[in-house]
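The values are calculated or read from the model by the stated rules, or taken from the named source; none is laboratory data. Please read all numbers here as calculations on a predicted model, not as lab measurements. As a convention, Cβ positions derive from the backbone with ideal geometry for all residues, glycine included, and neighbour counts pool all protein chains shown. For accessibility, only protein heavy atoms count, side chains too; no ligands or nucleic acids. Shrake-Rupley method; radii C 1.70, N 1.55, O 1.52, S 1.80 Å.
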Amino acid sequence: MSVGELRCIGLEKVYDNGKRALSSVDLSVPTKGIFSIIGRNGAGKTTLVRILATLLEPSSGTATIDGLDIMEDADELRRRMAVVPQEGRPLPWLTPLQTISSYLMWRGESYRVSRRKAEEALAMVELQDVSDRLNYKLSGGMKRKTLLAMVMASDAEIIFLDEPTTGLDPISRQVVWDLLTEMGRDRFLFLTTHYLEEAESVADRIGIFDEGSLLAMGNMDELRASMKYQYSVRVSFGTDLPEIEGRVLKGHDGRVQLLTTREEAMRLSDQFIGRDIQFSVNPVTLDDIFYNIAGKDIRNDAGGDEGGGA
Ligand SMILES: Nc1ncnc2c1ncn2[C@@H]1O[C@H](COP(=O)(O)OP(=O)(O)OP(=O)(O)O)[C@@H](O)[C@H]1O
Ligand SMILES: [Mg+2]
């Protein structure tokens, strides 16, 4: 029995035009806290979110959330979940307050409770001053935050957010991260993002997707532990480097990055100190892990890295 987890078994999606967006995805993750999937444009993230949120049928395979089947128990799942799609926008002719309160009423709350919860949620995303402005007069980021406030105000225990912070300014993004962290305490959040620092800082678990397949999955420590090279050393471009075990990359910042083992990182550090060369050593980031696993840079317009882009 798979109560308490999200489980996908052999999930596949081939669109009508023959495009294979998901190839036999097997995934098991506790429905607690925040799970984030990362991957380049076209990796299949939205397809997976839409299937799990019961908005799209898989071509084959199954998935259950807390033991409920996405096909057979879709109605029950829909009562428990809320979704903010990647391209989701609030209805233009409503205000943020109306958007949220009508959604809450639709989910079964009274008018009074809906209004109060909507006001509270709008204050949390700092939209109280525009709560009565028509949605079409809001900026893109404000529209996005209205939808976030909407699901936040709901009693949904399972929340799908497809790129919740895309298009938000850095301060709003931080506000949303704090809210996501708060929401993740007593609900299950399934989010996709292109911001690796977002996944690193808010997610309890991360799944790495590429070309419709799940390449790796775990918390940051587990992902790091699965890497052959767990340290990143950076030195100026042109530094005379000794033979080492690892991968040498040309960094975006004009420096050379070496992904290597702990022992080699220590050996290099000793040498650089002896030769008075400036350098830095850090555990690999999610960016490095993605690069190493997928052999590509996660940024769509990657320039500079060896083998970057596709
Ligand atoms: N309705 C559709 N019909 C045909 N192909 C589709 C459809 N929707 C998506 N695809 C294709 O399926 C693949 C996966 O798309 P998907 O939207 O799931 O990727 P994604 O990881 O969410 O990308 P992004 O980061 O750009 O949002 C892509 O190649 C895309 O072109
Ligand atoms: Mg997408």
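The table below lists the values:
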| read-out | value |
| --- | --- |
| Distant alpha-carbon pairs in the range 78-150 (separation over 16 angstrom), percent | 43 |
| For peptides 129-141, 96-108, sequence by mean Cβ density within 10 Å, most packed first | 96-108, 129-141 |
| Relative contact order of the range 228-294, pairs being alpha-carbon contacts under 8 Å that are 6 or more residues apart, as % | 41 |
| Separation of the R247 and K228 label points, Cα + 7 Å toward Cβ, nm | 0.9 |
| Descending semi-axes in whole angstrom, ellipsoid equivalent of the range 128-168, from the Cα gyration tensor | 20, 14, 6 |
| Debye, to nearest 20: dipole size of the range 228-294, +1 on Lys, Arg Cβ, -1 on Asp, Glu Cβ | 120 |
| The chain, accessible surface, carbon-and-sulfur percent (1.4 angstrom probe) | 48 |
| Coil-residue GluC sites (Glu not before Pro) of the range 205-289, DSSP, other Cβ within 10 Å capped at 16 | E243, E245 |
| Sequence-separation-based contact order of the chain, relative, with Cα cut under 8 Å and 6+ spacing, percent | 19 |
| Phi-based couplings in Hz for the range 44-61 (Karplus 6.51, -1.76, 1.60; Gly and Pro marked x) | x, 4, 5, 4, 5, 4, 5, 5, 5, 8, 6, 9, 8, 8, x, 6, 7, x |
| Long-range amide H partners of S213 with built H, under 5 Å | S23 |
| Compactness relative to 2.2 N^0.38 Å, alpha carbon Rg of the range 108-206 | 1.07 |
| Sites R116 and E87, calculated FRET efficiency, Cβ-Cβ separation with R0 45 Å, nearest 0.05 | 0.90 |
| Mean residue ellipticity (222 nm) of the chain, computed from DSSP H runs ≥ 4 via -39,500 (n - 2.57), nearest 500 | -10000 deg cm²/dmol |
| M266/S59 FRET efficiency (R0 45 Å; Cβ-Cβ; nearest 0.05) | 0.35 |
| Pairwise centroid distance, computed over Cα atoms, of the range 22-55 with the range 168-215, Å | 12 |
| Three semi-axes of the equivalent ellipsoid, the range 228-294, Cα gyration tensor, whole Å, largest first | 19, 13, 10 |
| When each of K117/K137; K19/K250; K228/K250; K13/K143; K19/K143; K145/K250 is checked by Cα-Cα distance, pairs over 28 Å | K19/K250; K13/K143; K19/K143; K145/K250 |
| Tail fraction, Cα-Cα pairs, the chain, threshold 29 Å, whole percent | 44 |
| Counted charge near A156, where neighbours are those whose Cβ lies closer than 10 Å (Asp, Glu -1; Lys, Arg +1) | +3 |
| Rounded accessible area per residue of the range 16-127, 1.4 Å, Å² | 49 |
